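Undergrad: First, the structure itself, so that you have it in front of you.
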Amino acid sequence: MRFNLEGLTVYFPYEYIYPEQYRYMLELKRALDARGHCLLEMPTGTGKTITLLSLITSYQLAHKEVGKLIYCTRTVPEMEKVLAELAELIEYRAKYLGRGPGSNEILALGLSSRKNLCIHPRVAEEGSRESVDAGCRRLTASWVRERAAERVSRGTTEGGEEGGSSGGAVGEIELCDYFEGHERAGVEALLPPGVYTLSDLRDFGRKHGWCPYFLARHMMAFANVVVYNYQYMIDPKVSQMVSRELEKECVVVFDEAHNIDNVCIEALSVNLRKQTLEAAGRNLGKLSNSIRRAREADAARLQAEYNRLVAGLIAQGALRGGEDWLANPALPADVVQETVPGNIRRAEHFMGFLHRFLAFLRDKMASPVVTSQSPQVFLHELQERVQVDAKTLKFCYDRLSSLLKTLEITNTDEFTPIQLVADFATLVGTYAKGFAIIMEPYDERLPQVPDPVLQLSCLDASLAMKPVFSKFQSVVITSGTLSPIDLYPRILNFNPVAIQSFQMTLTRDCLCPVVVTRGADQMPMSTKFEMRGDPGVMRNYGRLLVDLSAVVPDGIVAFFVSYRYMDQIIAKWHDMGILQEIMQHKLIFIETQDVVETTLALDNFRRACDSGRGAVFLSVARGKVAEGIDFDRHYGRAVVMFGVPYQYTLSRILRARLEYLRETFQIKEADYLAFDAVRQAAQCVGRVIRSKADYGMMIFADKRYQRHDKRDKLPQWITRHLKEAHMNLSTDMMVHVAREFLRAMAQPYDRGAVGKSLLSEAALAALDAAGGLDGAGAAGA
Amino acid sequence: MSRAASAQDLRPNRLACILGLCRSFIREFFDQNPLSQLGIAIMRNGLVEKLTDLSGSPEAQVAKLDAGKLGSPAGDASLQNALDLSVSLLRSLPPYGHRELLVVFSALATCDPGNVLDSAKACKANNIRVSVVGVAAEVYVCRRITEETGGTYGVALNETHLEQLLLAHSSPPPATSAQAKAELVRMGFPQRSTEEASSAVFVGLEARLLSGNYTCPRCKARVPELPCECHICGLTLISSPHLARSYHHLFPVPPYHEDSKERAEEAAGVLIRQPAMRDEVPTSTGSYCFGCLREVSQPGAAGQLHLTLRCGRCKQVFCFECDAYVHEQLHNCPGCEFGGT
């Protein structure tokens, strides 16, 4: 339908709209009008994505000055989903706006790594992302192409004299046909308007003989909607190459952004293991060799590099070919625009410098005790021990990338370790605040096995987000679970113009959250550290699952607080015979840390649910399954959260981060921990509801959920359904509640409850005339 | 009869409750569909046991459904086995009949040897309509099977709701076009002999000495009750009300309309033109009910409620009591039966 939203014509591809979608649009539009950032929470299953897309594209249509819509998703499947919904929207819009040139057609595309886009028959077969990247560079690096071009021209001239003998030599330098095709087409290589998913791009590339990856990168400048991964926006290394040229007026959307602070932190953190350092040492040896060889063969090249560095031409454009790899890991604003200091300008000197730095790191790693240092202390020590100063460190990364390019190295995947070390060096050199350097000689859980890790951990999520907030006019952060919503502006350090949490209007109570605090024997249940090992608690948890599997049909998902606890409790359950009892009702599948195994388990879990056998999936909060897998419809009729999924509070990194949060943002440790735990729990239980027609039980099995500081951090759309009578239950009462709930939900239900939870075009027009749905409410707030 | 049937959320427990309701369902079923046949099977221990063969006699079936004789519930339920059994039983039936399977499912899972959906496909291929009445919660596979085969799926909230759901299945669903293939079936309409004790003869297969009995019009064998198949010549023996009761779902009596002055005048014109049928059958003039011959009020009389109804086809007048009787029990309009059209 097409309706008027405070003067903006919105094209919405469905006949009816939920009231919360309307409110969401209203809030979003006001934020866009105010040219500010906003933070919006709306439960999953209410069509958040289509609402966003529909409003922003309509806004683009009405306000030409608004730039692209940059839609950031977490995973490739999510990306495909967004593009599919967009395609539907565009299809619908075409009815009103017509087709053909001049009718405001939209170009939308998904951008992903080469691994997902490559169509070169051999390179695309490579296993990892790095090896595909390296394989691509081997075929497309500028010097490789130059050399091939030289060969070809020489081949044709020589071929005339010697007669075809050099034909094989030309063939030795392999190039990528698709890349060449794209290069030949040059600026002519354009995508016609439309919506392109990754596979569409690949098909298009195959048809035209153009490389889809470079085509997509090229077309980003012309696209109205770009969908890509978080990293492309947040990780400075990637966003440097991909997102640098986006204009300020763009609207940036982070979907499913409840973990955005962790993504930010990961983007700026570096972990070095012993193996990494060893491999980096080997890399250095290789580099030294190639420097020596280059010195013998073509000293001029190294000299040219040296001259360039002296002249301060470090900027990307000045380098040959402007290859798009090895971007600086620090944020653009913090990258110093100075010439590289003299002591590392010569390649040999730089090698020496790296050797010393590496030796220092190795030395640090040999320490048998856990240490935690601030960057300043670390730098001071570095200065004293090996005479490396902070300024030099800052340039480490740029210098390395310059060297690698000069040496014309294409198999970059082999040099990842040394790049990591250089990453580390540059970040330490650049940031004095907001980081910690933590050295752990062994894993906490296995103290007898030495496994030293040197971590440069970013403590401040706002660092990585800052450039995004300052560069772009409107940033939209949205998710199904952003509660407590006022904490996000604090940890990300920004001022949103709109903060809003929306509720789901339901025609029936299809959520049934319950808090179970006691077992059938009235003993309290909790995963508190002192209680979790208690056999009584474990048995009660086991009984809960047994009883539940007897009354809940099809799929049940259970989340534990950690892999360790899950292993422990499953072993205990096996001894107690609880697993066998569950098996009488349902099959059991377990998530493991192995991705392949887990995928297989999930697959079989689904099959068991489909065929009516019923199954239980045991999983871990914060695991892959808790984050990305939906257990909608019959795959999840009940979800159990065993315990409160606190982070491992003894972890040094977390300690350092908590301290930093307290000092910088005045967030109390307990508050942050509870917030983080409850958002994980909400994320886990939210897996079962994926649409309004769906229904599911949500069981919080820990006595601590009874307390207000936990409960009020749950998203509103859950707490609203949490009845007083459903709190502080024991297992047997819970079973009773479950039985009643499932019976009630199995009754036929009227999908077309128009009026209460759906608004038609006419209803919207009436609303608009009356001054908006929540005009009074918004004015009051 | 899986393990789940021993749960006590229905009083006294699920099994007893279900058995009781099944007995009333069977009676109701034969009452509504005297021509139909029904067999019972139970799912237990992952197997399916055939309790009774398809037959048309309610009492024999009801007698089998006794908790004491059945044993206790145990093991898992297997829908696939149940579906396979019903396919093998119902496949041989003539195509003009409805083939239906009603599953009363108390378990929440089905433990199958293969893929249950394959069996569901087999059911669909054989035009078997599978309906499920659950007592615990919605099970996906049941929903799927019922949707595929065109059946219904209900989950009972409590005992009364369960009864409603079960009894809703006693009347047949509207005929589908796939089953509309007409075929002539030979049937006999036997006469009932007098019930005087002196005329008692040996009747039926068991040769019991009974007074009231029916004589097969083809072979003159005597059978004790209708409907049945003649034990001598195999002819289906029924009576007209049976047929009507069975087919009223297919050919319902058109509803009577409230009588008004205009309708009465129109009807009078029609009735006058008709030749008098027989002297002893009076045509109702509007003041007497055609069914019970009691006096009813004149339509259109000032100040009076219109308490009479008129059949749209034969234009006869009926009172409310007769209307209810005709439509809910008799399923034949007496006016139309007398050729009043």
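The values are calculated or read from the model by the stated rules, or taken from the named source; none is laboratory data. Since this is a predicted model, take the numbers as computed values, not measurements. Positions of Cβ are generated from backbone atoms using ideal geometry, with glycine treated the same way; all protein chains shown enter the neighbour counts.
Undergrad: Going through the range A:358-408 one residue at a time, which ones are more than 30 Å from the chain's Cα centre (by Cα) and within 29 Å of A:N307 (Cβ to Cβ)?
TA: Scanning the range A:358-408 gives A:L358, A:V386, A:Q387, A:V388, A:D389, A:A390, A:K391, A:T392, A:L403, A:T406, A:L407, A:E408.
Undergrad: Additional query: All but one of (1) touching a strand residue (DSSP E or B) at 6+ places or on another chain (Cβ under 8 Å); (2) more than 14 Å from chain B (Cβ to nearest Cβ); (3) part of a helix (DSSP H, G or I) hold for A:H634, so report the exception by its number.
TA: Status for A:H634: all satisfied but (2).
Undergrad: Within the range A:574-622, can you find the residues that are in contact with a strand residue (DSSP E or B) (Cβ under 6 Å, 6 or more places away or on another chain), away from chain B (no Cβ under 14 Å) and in a helix (DSSP H, G or I)?
TA: A:A601
Undergrad: For the range B:145-156, how many residues are closer than 19 Å to A:R613 by Cα and more than 8 Å from chain A (Cβ to nearest Cβ)?
TA: Here the count works out to 5.
Undergrad: Give the range B:112-135 a look and list any residue that's in a loop (DSSP other than H, G, I, E, B) and either surrounded by fewer than 22 Cβ atoms within 10 Å (Cβ to Cβ) or away from chain A (no Cβ under 14 Å) (or both), or say none.
TA: Initial filter on the range B:112-135 (in a loop (DSSP other than H, G, I, E, B)): B:112-115, B:126-127, B:135.
Answer for the range B:112-135, where residues must be in a loop (DSSP other than H, G, I, E, B) and either surrounded by fewer than 22 Cβ atoms within 10 Å (Cβ to Cβ) or away from chain A (no Cβ under 14 Å) (or both): B:P113, B:G114, B:N115, B:N126, B:N127.
Undergrad: Another one. In the range B:74-85, how many residues are in contact (Cβ under 8 Å) with a residue 60 or more places away in the chain and under 16 Å from B:V103 (Cα atoms)? Let's see the steps before the verdict.
TA: Let us first name the residues in the range B:74-85 that are in contact (Cβ under 8 Å) with a residue 60 or more places away in the chain, namely B:74-77, B:79, B:83.
Adding the requirement that they be under 16 Å from B:V103 (Cα atoms) leaves B:76-77, B:79, B:83.
Result for the range B:74-85: 4.
Undergrad: Starting from residues that are assigned to a helix (DSSP H, G or I) and of a type in the set (G, A, S), keep the ones in the range A:182-227 and report whichever is surrounded by the fewest Cβ atoms within 10 Å (Cβ to Cβ).
TA: Among them, the one singled out is A:G186.
Undergrad: Let me ask something additional. Among the residues of the range A:556-563, is any under 26 Å from the mean Cα position of the chain (by Cα), more than 14 Å from chain B (Cβ to nearest Cβ) and farther than 24 Å from A:V735 by Cβ?
TA: Among the residues of the range A:556-563, at least one is under 26 Å from the mean Cα position of the chain (by Cα), more than 14 Å from chain B (Cβ to nearest Cβ) and farther than 24 Å from A:V735 by Cβ, which makes the answer yes.
Undergrad: Still on this model: For the range A:283-305, what are the residues that are at pLDDT 80 or above and surrounded by 14 or more Cβ atoms within 10 Å (Cβ to Cβ)?
TA: Selection gives A:N283, A:L284, A:K286, A:L287, A:S288, A:S290, A:I291, A:A294, A:R295.
Undergrad: So how many residues does the range A:1-41 have that are of a type in the set (G, A, S) and within 25 Å of the chain's Cα centre (by Cα)?
TA: 2
Undergrad: If the Cβ limit is 6 Å and pairs must be 6+ apart or interchain, which residue in the range A:602-624 that is closer than 24 Å to B:L83 by Cα pairs with which residue that is of a type in the set (D, E)?
TA: Matching pairs, first to second residue: A:C609/A:D554; A:G614/A:D554.
Undergrad: Pairs under 9 Å by beta carbon, first residue closer than 21 Å to A:D610 by Cβ in the range A:633-649, partner of a type in the set (D, E) and surrounded by fewer than 24 Cβ atoms within 10 Å (Cβ to Cβ), six or more apart or different chains?
TA: A:R633/A:D694; A:H634/A:D610; A:H634/B:E138; A:Y635/A:D610; A:G636/A:D630; A:G636/A:D694; A:R637/B:E138
Undergrad: For the range A:426-436, check the following and say yes or no: at least one residue is in contact with a Cys (Cβ under 6 Å, 6 or more places away or on another chain) and polar (S, T, N, Q).
TA: yes
Undergrad: Would you check which residues across the range B:87-111 are of a type in the set (S, T, N, Q) and within 14 Å of chain A (Cβ to nearest Cβ) and list them?
TA: Passing the criteria: B:S106, B:T110.
Undergrad: Would you check which residues across the range A:539-553 are away from chain B (no Cβ under 12 Å) and either β-branched (V, I, T) or outside any helix (DSSP H, G or I) (or both) and list them?
TA: A:V546, the sole residue that qualifies.
Undergrad: Does B:L162 satisfy the criteria of being within 18 Å of B:N33 (Cβ to Cβ) and within 22 Å of the chain's Cα centre (by Cα)?
TA: Criteria not met by B:L162.
Undergrad: Now a separate question. Would you please name the residue that is nearest to A:Q584 (Cα to Cα), looking only at residues in the range A:504-561 that are surrounded by fewer than 19 Cβ atoms within 10 Å (Cβ to Cβ) and among the hydroxyl-bearing types (S, T, Y)?
TA: Of everything passing the filter in the range A:504-561, A:T507 is nearest to A:Q584 (Cα to Cα).
Undergrad: Is the range A:312-325 home to any residue that is within 30 Å of A:I653 (Cβ to Cβ), in a loop (DSSP other than H, G, I, E, B) and at pLDDT below 80?
TA: Scanning the range A:312-325 turns up at least one residue that is within 30 Å of A:I653 (Cβ to Cβ), in a loop (DSSP other than H, G, I, E, B) and at pLDDT below 80.
Undergrad: Another question, then. Cβ-Cβ under 8 Å, sequence separation 6+ or interchain: first residue in the range B:165-179 and in a helix (DSSP H, G or I), partner at pLDDT below 75. Which pairs?
TA: Within 8 Å, the pairs are B:Q179/B:P95; B:Q179/B:Y96; B:Q179/B:G97.
Undergrad: Could you list all residues from the range B:11-70 that are β-branched (V, I, T) and in contact (Cβ under 8 Å) with a residue 40 or more places away in the chain?
TA: Selection gives B:I18, B:I42.
Undergrad: If you check B:E100 against the conditions, is it within 29 Å of B:L184 (Cβ to Cβ), charged (D, E, K, R) and in contact (Cβ under 8 Å) with a residue 12 or more places away in the chain?
TA: yes
Undergrad: Any residue that is within 14 Å of another protein chain (Cβ to nearest Cβ), more than 30 Å from A:Y442 (Cα to Cα), in contact with a Leu (Cβ under 9 Å, 6 or more places away or on another chain) and aromatic (F, W, Y) - is there at least one of those in the range A:683-698?
TA: Yes: the range A:683-698 contains one or more residues that are within 14 Å of another protein chain (Cβ to nearest Cβ), more than 30 Å from A:Y442 (Cα to Cα), in contact with a Leu (Cβ under 9 Å, 6 or more places away or on another chain) and aromatic (F, W, Y).
Undergrad: Next question, about the same structure. Any chance the range A:638-656 includes a residue that's under 30 Å from A:L729 (Cβ atoms) and within 14 Å of chain B (Cβ to nearest Cβ)?
TA: Within the range A:638-656 (the criterion being under 30 Å from A:L729 (Cβ atoms) and within 14 Å of chain B (Cβ to nearest Cβ)), the answer is yes, since at least one residue qualifies.
Undergrad: Right, here's the next one. Using the structure shown, decide if B:D84 is part of a helix (DSSP H, G or I), acidic (D, E) and within 11 Å of chain A (Cβ to nearest Cβ).
TA: It is false that B:D84 is part of a helix (DSSP H, G or I), acidic (D, E) and within 11 Å of chain A (Cβ to nearest Cβ).
Undergrad: Could you list, in sequence order, all residues of the range A:688-727 that are part of a loop (DSSP other than H, G, I, E, B), within 27 Å of the chain's Cα centre (by Cα) and buried (at least 16 other Cβ atoms within 10 Å of the Cβ)?
TA: Within the range A:688-727, A:I689, A:R690, A:K692, A:D694, A:K713, A:L714, A:P715 meet the criteria.
Undergrad: Could you list, in sequence order, all residues of the range A:599-643 that are within 27 Å of the chain's Cα centre (by Cα), charged (D, E, K, R) and at pLDDT 90 or above?
TA: A:D603, A:R606 - these are the residues of the range A:599-643 that are within 27 Å of the chain's Cα centre (by Cα), charged (D, E, K, R) and at pLDDT 90 or above.
Undergrad: Run down B:S240, B:S246, B:S211 and say which single residue is surrounded by 17 or more Cβ atoms within 10 Å (Cβ to Cβ) and on the phi < 0 side of the Ramachandran plot. Before you say what the answer is, go through the steps one by one.
TA: Values: B:S240 fails: surrounded by 17 or more Cβ atoms within 10 Å (Cβ to Cβ); B:S211 fails: surrounded by 17 or more Cβ atoms within 10 Å (Cβ to Cβ).
B:S246 is the lone residue from the list that is surrounded by 17 or more Cβ atoms within 10 Å (Cβ to Cβ) and on the phi < 0 side of the Ramachandran plot.
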